[in-house]
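Reading through the structure tokens given below for one structure.
The values are calculated or read from the model by the stated rules, or taken from the named source; none is laboratory data. Remember, predicted model here, so these are calculated numbers, not experimental data. Glycine gets a Cβ as well: all are built from the backbone with ideal geometry, and neighbour counts include every protein chain shown.
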DNA sequence: GGTTGGAAACTTTTT
DNA sequence: GTTTCCAACC
């Protein structure tokens, strides 16, 4: 029996079709990665050199998994197969050839933060009122333009006499000029510049066409126009292009993903073979039926219907809770009882939600219950202030033209160099046509700097020293030396707060990652590390072997599977989101939300539980949302619905916050009978001045003062580690010790 | 030049 | 409700 006998007929057909264009429409859980891996193995068996095979994914995690599985299946030679993400592929190409486009090979990669910094400066230079055009808006327009390969000039032409559009085009042009000056690329540029390179230098394109004779693209439904251009260029010579995707799982349209790449693939490649994979190996029939029923409500999709030989399974659970607190409590309680009964481990559970902001309540309940969990998303590790500071130092050492990095750390830790000084340096740099950092080197020559001029010297000396030691020291040693000389760690230690301690831990973690990079990389370089760091996503940190409950957004969950899946916040205005319902074209946006729902449902292997809350705090406001339309789209036969009885819940069961909300509501309803205070006073506070109390986040402390406000008590507490805080009693959830 | 307090924005999703 | 940003003060 060969390794290929485990594939079903369609999968095998896809595996065997190695020459010419191929579109695999792979439903959720239909084993598409299996097909790709076996396809690679098959090609190698047919004598194709692994060196000529390329597989492109979107996340490092997906790339890593594929690499692993290819290694396991074929062993010998598998290392030569190119498995990488779009972005890292482009970076590798650009590091070699970007000189042809007038950039230096030590270019920096700018993340969203850096982009915003640049854009702020652009707006200042062009006198753009950021009240009218927000930086975020300008950046999103620019990003969309890059996705569609529209240059600043083209945008300007298209603007005609529209003043507003012209302004945006100007901002775009200036933004690009700034990036160029900083020798930096943003994420979109990585792809755009690679396409540009190929278009300008046919001989370079040709060398890569020869190298990558067999191309495979995973999650094809999420590609945008430039990415498609990149793939078409690479596959242009041999046309051995295999794309795998599912139009029903296209959830990144908002970010420029072009769904027509998949819908029109057969028009672009008329000789393309199309294979549908509709047998699902992941979920129960009930889960699949539910997914099918929901996605059926979308128009303009490629018709397919998932089926499975798996058992029917349990019905989908739906619980309507009183509020978000109860929702979190219910879900966490459910998980812990299942684990207690020994039916499953923590790692078998995922809680999915629409927005990152919803994660907090789950975190709190999990902490209280003492359940290990992993939060995906939110603030990226590499986006944290202290990490960005250290990286900015490293970037400055690596790429002196990166002004954003230099400016970030020139006064961190405080060196007494302020805005006025920086402006003078900037003017000087502009007048002499040199980079910002080079101007700093000549600080003594700059007029009007006064005393501040002398403060610059120690900084540049430090950077120059580090640069000269780059060859003698390992990167880890260098970074440690840097932290020592700048006193960065010492400053944090002196702060002594929990927050500062956390920052030090994060920096230690960064040092660990640096050391790990130096051990594993073939040729560790500072540029190499910075690039690896720039391209990681939070999802990459998810390890299957660790036993924890996973919390993440529905978007992050794409491509993953869990035996037990909870989808929380199934309410109109939350999911589908308020933005999609009130956007420019609600129909289309609603379809994307529905696809997102489909993605969520199909993550579940054994059981799927949906929850909603009658009332919920959103941005400090209590919202009363109707149950999501997606719930109504599920036929009742698949659903096991449990709604909490109407009417006030028993006070014992209601958390303090809820009690407060309720009292606030009744206060609003009957303004003349001020009931709210009686509710509060009746329950009172279990602690008084001088008592020892515990707070979830701040730990133990002593109550210094209690003031009675209009609606709530304000408590002043001196925490042992977190210092003095003023808290509202109903929110602080202080416990007497 | 640095600190602090209050206003304003933020919450859709990310390589 | 939380975080970020900016202006007014030190």
What's the total number of residues in region A:331-386 that are within 22 Å of residue A:506 (Cβ to Cβ), in contact with a helix residue (DSSP H, G or I) (Cβ under 7 Å, 6 or more places away or on another chain) and within 14 Å of DNA strand B (Cβ to nearest atom)? 8
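Residues are listed down the side, and each one gets a yes or a no for (1) modelled with pLDDT of 95 or more; (2) touching a helix residue (DSSP H, G or I) at 6+ places or on another chain (Cβ under 6 Å); (3) within 16 Å of DNA strand C (Cβ to nearest atom); (4) more than 21 Å from residue A:293 (Cβ to Cβ):
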| site | (1), (2), (3), (4) |
| --- | --- |
| A:537 | no, no, no, yes |
| A:541 | no, no, no, yes |
| A:572 | no, no, no, no |
| A:619 | no, no, yes, yes |
| A:629 | no, no, no, no |
| A:634 | no, yes, no, no |
| A:640 | no, no, no, no |
| A:644 | no, no, no, yes |
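Name the single residue, out of those in region A:141-170 being within 16 Å of DNA strand B (Cβ to nearest atom) and part of a helix (DSSP H, G or I), that is nearest to the chain's Cα centre (by Cα).
Initial filter on region A:141-170 (within 16 Å of DNA strand B (Cβ to nearest atom)): A:141-149.
This time we only want the ones that are part of a helix (DSSP H, G or I), so: A:141-147.
On the way: A:141: 19, A:142: 19, A:143: 16, A:144: 18, A:145: 21, A:146: 20, A:147: 18 Å.
If we take residues in region A:141-170 being within 16 Å of DNA strand B (Cβ to nearest atom) and part of a helix (DSSP H, G or I), then A:143 is nearest to the chain's Cα centre (by Cα).
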All but one of (1) within 16 Å of DNA strand B (Cβ to nearest atom); (2) surrounded by 17 or more Cβ atoms within 10 Å (Cβ to Cβ) hold for residue A:476; which doesn't? (1)
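Any idea which residue in region A:524-535 is surrounded by the fewest Cβ atoms within 10 Å (Cβ to Cβ), counting only those that are part of a loop (DSSP other than H, G, I, E, B) and in contact with a helix residue (DSSP H, G or I) (Cβ under 7 Å, 6 or more places away or on another chain)? Before you say what the answer is, go through the steps one by one.
Initially, region A:524-535 is screened for residues part of a loop (DSSP other than H, G, I, E, B), giving A:524-525, A:535.
Those still in the list that are in contact with a helix residue (DSSP H, G or I) (Cβ under 7 Å, 6 or more places away or on another chain) too: A:524, A:535.
Working: A:524: 17, A:535: 22.
Only one residue fits best here, namely A:524.
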I need the full set of residues from region A:181-192 which are touching a strand residue (DSSP E or B) at 6+ places or on another chain (Cβ under 9 Å) and under 24 Å from residue A:434 (Cβ atoms), in order please. A:182, A:183, A:184, A:185, A:186, A:189
Under 6 Å by Cβ, and 6 or more places apart or on different chains, what pairs join a residue from region A:116-137 that is part of a loop (DSSP other than H, G, I, E, B) with one that is within 10 Å of DNA strand C (Cβ to nearest atom)? A:130/A:123
Out of the residues in region A:426-457 that are outside any helix (DSSP H, G or I) and under 39 Å from the mean Cα position of the chain (by Cα), which is nearest to residue A:104 (Cα to Cα)? A:435
Residue in region A:540-552 that is farthest from residue A:374 (Cα to Cα), counting only those that are within 16 Å of DNA strand B (Cβ to nearest atom) and surrounded by fewer than 20 Cβ atoms within 10 Å (Cβ to Cβ): A:540
What residue, among those in region A:607-624 that are in contact with a strand residue (DSSP E or B) (Cβ under 6 Å, 6 or more places away or on another chain) and more than 18 Å from residue A:359 (Cβ to Cβ), is nearest to DNA strand B (Cβ to nearest atom)? A:622
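Answer yes or no as to whether residue A:592 is over 15 Å from residue A:319 (Cα atoms), touching a residue at least 40 places away in the same chain (Cβ under 8 Å) and surrounded by fewer than 23 Cβ atoms within 10 Å (Cβ to Cβ). Explain how you work it out, then say what you get.
Values: over 15 Å from residue A:319 (Cα atoms): yes; touching a residue at least 40 places away in the same chain (Cβ under 8 Å): yes; surrounded by fewer than 23 Cβ atoms within 10 Å (Cβ to Cβ): yes.
The answer is yes for residue A:592.
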Complete set of residues in region A:122-132 that are away from DNA strand C (no atom under 13 Å from the Cβ) and over 22 Å from residue A:180 (Cβ atoms): A:132
Could you go through region A:559-567 and let me know if any residue there is within 28 Å of residue A:598 (Cβ to Cβ), under 19 Å from the mean Cα position of the chain (by Cα) and within 14 Å of DNA strand B (Cβ to nearest atom). yes
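Does residue A:47 satisfy the condition of being surrounded by 19 or more Cβ atoms within 10 Å (Cβ to Cβ) and on the phi > 0 side of the Ramachandran plot? Can you show your working first?
Numbers: surrounded by 19 or more Cβ atoms within 10 Å (Cβ to Cβ): no; on the phi > 0 side of the Ramachandran plot: yes.
In short, no.
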Any residue that is more than 16 Å from DNA strand B (Cβ to nearest atom) and at pLDDT 85 or above - is there at least one of those in region A:574-594? no
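Given the options A:600, A:569, name the one that is in a loop (DSSP other than H, G, I, E, B) and touching a strand residue (DSSP E or B) at 6+ places or on another chain (Cβ under 6 Å). So that I can check it myself, show each step before the final result.
Numbers: A:600 fails: in a loop (DSSP other than H, G, I, E, B).
Sole residue among the options that is in a loop (DSSP other than H, G, I, E, B) and touching a strand residue (DSSP E or B) at 6+ places or on another chain (Cβ under 6 Å): A:569.
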So, residue A:106, is that one closer than 30 Å to residue A:44 by Cβ and outside any helix (DSSP H, G or I) or not? no
Working only within region A:369-421, note down all residues that are within 15 Å of DNA strand C (Cβ to nearest atom) and not in a helix (DSSP H, G or I). A:375, A:377, A:378, A:379, A:380, A:384, A:411, A:412, A:414, A:416, A:418
